[in-house]
Amino acid sequence: MAPLRRGSLRCKQSTRYATYSTNITGVGKISLTLVSRLRNVQSYSRTRGGTQLNTYDEVYYPSHSFPQTHPDRLATAATLFGMNPARVDGCRYLELGCGDAGNLIPMAFYLPGSEFVGIDLAARPIEMGRELAEELGLKNLQLHQMSIDDVDDQFGEFDFVVAHGVYSWVPPQVRDSLLNVCSKHLSPHGVGYISYNTFPGGHLRRMIWDMMRFHVRDIEEPQRRISQAQALLSFVSSSKEKDDLYIQVLRKELERTARFDKSHLYHDDLADINDPVYFHQFVDHAAQYGLRFLAEADYFEMKPHSFTPEATAILDQLGDDIVRREQYSDFIKCRRFRQTLLCREEVIPEQYNHWERVKYLYASSNLSPVATDPDLNSPKPAAFVSENNSQISTDHPILKNAFAYLGTKWPQVVSFEELLDASL
Ligand SMILES: C[S@@+](CC[C@H](N)C(=O)[O-])C[C@H]1O[C@@H](n2cnc3c(N)ncnc32)[C@H](O)[C@@H]1O
């Protein structure tokens, strides 16, 4: 077994963790003659001094906040689909494979009445998360270095169980354990969140992962693996006289990897285990553990926004069969990634009339009118822009007033009742 290699990548945000690395640089020149030591750091996990370590101990993977996993989002989806989820400000929340708790820490900070628990196999990220939580004086966050396989009854019941970026990257027995934890530890109206790579889009991405993994198969040093993987994509996508569909796909992927944090390329794309599944396979797997498809964490993804009216009408023939409907939608979209919400099989989600339950919710928005003096009460269209520059326009006076009102309240939330009063 090779000695543990520390000091190869630098933790982005802190000099305190200087033992954890140096910078990764950009795309290198391709080398086809490169054959270095036979690589053996990429095994899924191993032990040192009695502690189980995995590749995330060797190459830091900065995690951050994922709004789609916030109890707010999960409880909103559950409410729209007819469930009675726990109060966001008084819930129990478990994150599996939480890394350095970059997602958990902000939630624990802003929701002091809720209890957060995170587990991860990698020791160093958990240590980093604990140090930051202690510095912030968080009393409502516990972090454990352990495997998903070992979560036992002592953990108790949770209103939300989340695993982001884990399912596709772990061996089959850990995927089973992940669903088993959801099954055993979700409260009756609890919501599970599991994200995973999916087909058919996964086929396109796998084609690229396979080429990159072939090229770097004998390279041990992480920085070199990353720069050579990018160099290969660059080489292949620029080596034909004329562009074709294949080259366009490669170029898109090259652009995507250039935008990535390099350690994400290392862990996500070059990982030895990276297995997409079809949506229906995931749903069948969850059903083996008494879990049912509830919704996607991004509600808009369940709507046929970009489909032709003919396609929408054909999908409508599937009626209540939400799983088949979602699967055919994935075929149309060439979907690559899903963020699926699950509930216990005893819960039957309400597929219709979600608008009726909107009145139980609160709203917030950072939209502001594009015009300096917008006419909110006429049926003339008005445009609103968000902080990240997305735009929406409407000619509906009530909606125009609602957007303008929310903008003045941001970042506060307002009840549906208050919003309606202010908009009429
Ligand atoms: C791709 S990272 C995702 C980290 C974080 N959820 C995020 O999205 O930023 C996968 C994480 O799962 C952890 N992991 C892998 N196998 C595990 C296991 N058997 N038990 C617990 N954590 C595991 C890894 O250590 C790593 O931190």
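Considering all projection directions equally, how large on average is the shadow of the alpha-carbon convex hull of the range 361-423, in square nanometres? If you can, show how the numbers build up before the last one.
Numbers: hull surface 15.8 nm².
Spelled out: convex hull of the Cα atoms, projected over all directions, averaged, 4.0 nm².
Order of 257-268, 378-389, 336-347 by packing, highest average Cβ count within 10 Å first?
Values: 257-268: 17.8, 378-389: 12.9, 336-347: 19.7.
Going by the mean number of other Cβ atoms within 10 Å, highest first, we get 336-347, 257-268, 378-389.
Taking the C-alpha atoms of the chain, how large are the radius of gyration and the largest Cα-Cα span, Dmax, in Å?
23.4, 73
In percent, how large is the relative contact order of the range 172-253, given Cα pairs closer than 8 Å and 6 or more residues apart?
Working: 28 pairs, mean separation 17.4, N = 82.
With pairs under 8 Å counted, the relative contact order is 21 percent.
Using a Förster radius of 51 Å, what is the FRET efficiency between residue 139 and residue 239 based on their Cβ-Cβ separation? Nearest 0.05, please. Provide the component values of the computation, followed by the final result.
Details: r = 57 Å, r/R0 = 1.12.
Between residue 139 and residue 239 the formula returns 0.35.
Per residue, what accessible area does the range 361-423 have, given a 1.4 Å probe and all protein chains present, in Å²?
Working: 4000 Å² over 63 residues.
Counting only protein heavy atoms, the per-residue value for the range 361-423 is 63 Å².
Compute the relative contact order of the range 361-423 as a whole-number percentage, counting only Cα pairs closer than 8 Å that sit 6 or more residues apart in sequence. Present the calculation step by step, with values, prior to reporting the outcome.
Working: 108 pairs, mean separation 25.6, N = 63.
Normalised by residue count, the contact order of the range 361-423 is 41 percent.
Label-point separation (nm) for residue 153 and residue 258, each offset 7 Å from Cα along Cα-to-Cβ?
Placing both labels 7 Å beyond Cα along the Cβ direction yields 5.7 nm.
Could you provide, to the nearest whole Å², the per residue accessible area of the range 224-283 with probe 1.4 Å?
Values: 2740 Å² over 60 residues.
It amounts to 46 Å² per residue over the range 224-283.
Please list 121-132, 293-304 highest first by mean number of surrounding beta-carbon atoms within 10 Å per residue.
On the way: 121-132: 20.8, 293-304: 17.3.
Highest to lowest by the protection proxy: 121-132, 293-304.
Highest GNM mean-square fluctuation, the chain, Cα pairs closer than 10 Å: which of 228, 412, 351?
412
Kindly express, to the nearest 10 degrees and within the range 0 to 90, the angle between helix 71-80's C-alpha long axis and the longest C-alpha principal axis of the chain.
Tilt relative to the chain: about 50 degrees.
Where does the chain land at 222 nm, in deg cm²/dmol rounded to the nearest 500, when only DSSP H runs of n ≥ 4 count, each adding -39500 (n - 2.57), divided by all residues? Mind showing how you got there, number by number?
Working: 13 runs with 144 residues, N = 424.
Here the helix-only value at 222 nm equals -10500 deg cm²/dmol.
Hey, if you put +1 on the Cβ of every Lys and Arg and -1 on every Asp and Glu Cβ in the chain, which of 146, 204, 368 ends up farthest toward the positive end of that dipole?
Of the candidates, 204 comes out farthest on the positive side.
Taking the Cα centre of the chain as the origin, how large is its charge dipole in debye, to the nearest 20, when only Lys and Arg (+1) and Asp and Glu (-1) carry charge on their Cβ atoms? Walk me through the numbers on the way to the answer.
Working: 45 positive and 54 negative charges, 336 e Å.
The dipole magnitude comes to about 1620 debye.
Starting from the amide H of residue 91, placed 1.01 Å from N in the peptide plane, find each other amide H under 5 Å away whose residue is 5 or more places distant or on another chain.
Correct list: 114, 115.
Output the 0 to 90 degree angle, nearest 10, between the alpha-carbon long axis of helix 201-215 and the longest principal axis computed from the alpha carbons of the chain.
Tilt of helix 201-215: around 20 degrees.
Quick check: pseudo-label points 7 Å beyond the Cα along Cα→Cβ at residue 247 and residue 317, how many nm apart are they?
A separation of 4.1 nm, rounded to one decimal place.
State the extension gain, in nm to one decimal, for the chain segment bounded by residue 413 and residue 373, taking 0.36 nm per residue of separation less the distance between their alpha-carbons. The partial results should precede the final answer.
Working: separation 40, 0.36 × 40 = 14.40 nm, distance 2.40 nm.
In short, 12.0 nm is gained.
What does a probe at residue 307 reach in the range 318-340, counting residues whose amide N is under 18 Å from the point 7 Å along Cα→Cβ?
318-339
The values are calculated or read from the model by the stated rules, or taken from the named source; none is laboratory data. Note that the coordinates shown come from a computational prediction; the quantities given were computed from them, not determined experimentally. Positions of Cβ are generated from backbone atoms using ideal geometry, with glycine treated the same way; all protein chains shown enter the neighbour counts. Each accessible area value is taken on the protein alone, full model and side chains, heavy atoms only, with ligands, DNA and RNA left out. Shrake-Rupley method; radii C 1.70, N 1.55, O 1.52, S 1.80 Å.
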